[in-house]
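Some notes on the structure that comes next.
The values are calculated or read from the model by the stated rules, or taken from the named source; none is laboratory data. This is a predicted model, so every value here is computed, not measured. Positions of Cβ are backbone-derived with ideal geometry, glycine not excepted, and every protein chain shown enters the neighbour counts.
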Amino acid sequence: MISLQAVIGCALVLTGLVIESAASRHWRAGARADRIDARAALALGLPALGLAVMAAPFA
């Protein structure tokens, strides 16, 4: 049986990948990005958080 921790971690990773895909389409369309774009921060942060959740030894 799959744990809830793995499901949450995978969901965070996949959400980050979807946001990264949307952000890259936005940038390719010629839209100007701010210095630190919120989409870029989420695209980096969510997969990292998801991997940390999956690796954490919650009991």
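Listing for the model above:
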| quantity | calculated |
| --- | --- |
| Residue pairs meeting the criteria (Cβ under 7 Å; at least 6 apart or on separate chains; first surrounded by 14 or more Cβ atoms within 10 Å (Cβ to Cβ) and part of a helix (DSSP H, G or I), in the stretch 4-25; second at pLDDT 90 or above and of a type in the set (Gly, Ala, Ser)) | GLY9/GLY50; CYS10/GLY50; LEU12/GLY50; VAL13/GLY50; GLY16/GLY50 |
| Matching entry among ALA6, ALA29, ALA48, ALA43 (being at pLDDT below 85 and among the hydrophobic types (A, V, I, L, M, F, W, C)) | ALA29 |
